[in-house]
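Laboratory data are not the source of any read-out in this text; all were calculated from the coordinates shown. This is a predicted model, so every value here is computed, not measured. With ideal geometry, Cβ positions are generated from the backbone for all residues, glycine too; neighbour counts draw on all protein chains shown.
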Amino acid sequence: MSTPEDVRHFIKQGADAVIIGSALIKLVEKTPTSKLEKTVTEFTKKLKSTTKIS
């Protein structure tokens, strides 16, 4: 899972949760330390927002 579309797909299929471990590790590896907190926060918030299905 690495995109909002991935998350949306599995939540719509009935998943209670998704695991984004490898996507998060890749993000951490490529992000400068000075921008890490902001980048990880934005990434996780974007994915979380897709779990709210109307």
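In summary, the aspartates and glutamates within cross-link reach of LYS45, defined as a Cα separation below 14 angstrom excluding same-chain residues under 8 places away, comprise GLU5, GLU37. Computed from backbone phi with θ = phi - 60° and the Karplus coefficients 6.51, -1.76 and 1.60, the 3J(HN,Hα) list for the range 37-44 is 4, 5, 5, 5, 4, 4, 4, 5 Hz; x is used for glycine and proline. Shown here: percent of Cα pairs over 15 Å apart, derived from the displayed model; of the candidates (i) 46; (ii) 40; (iii) 61, it corresponds to (i).
Over the chain, calculate the relative contact order: mean separation of alpha carbon pairs under 8 Å at least 6 apart, over the residue count, as a percent.
Numbers: 28 pairs, mean separation 25.8, N = 54.
Relative contact order, the chain: 48 percent.
Once both labels are positioned 7 Å from their Cα atoms along Cα-to-Cβ, the gap between THR51 and THR31 label points is 1.7 nm. Partner aspartates and glutamates whose Cα lies under 16 Å from the Cα of LYS38, excluding those fewer than 8 positions away in the same chain, are identified as GLU29.
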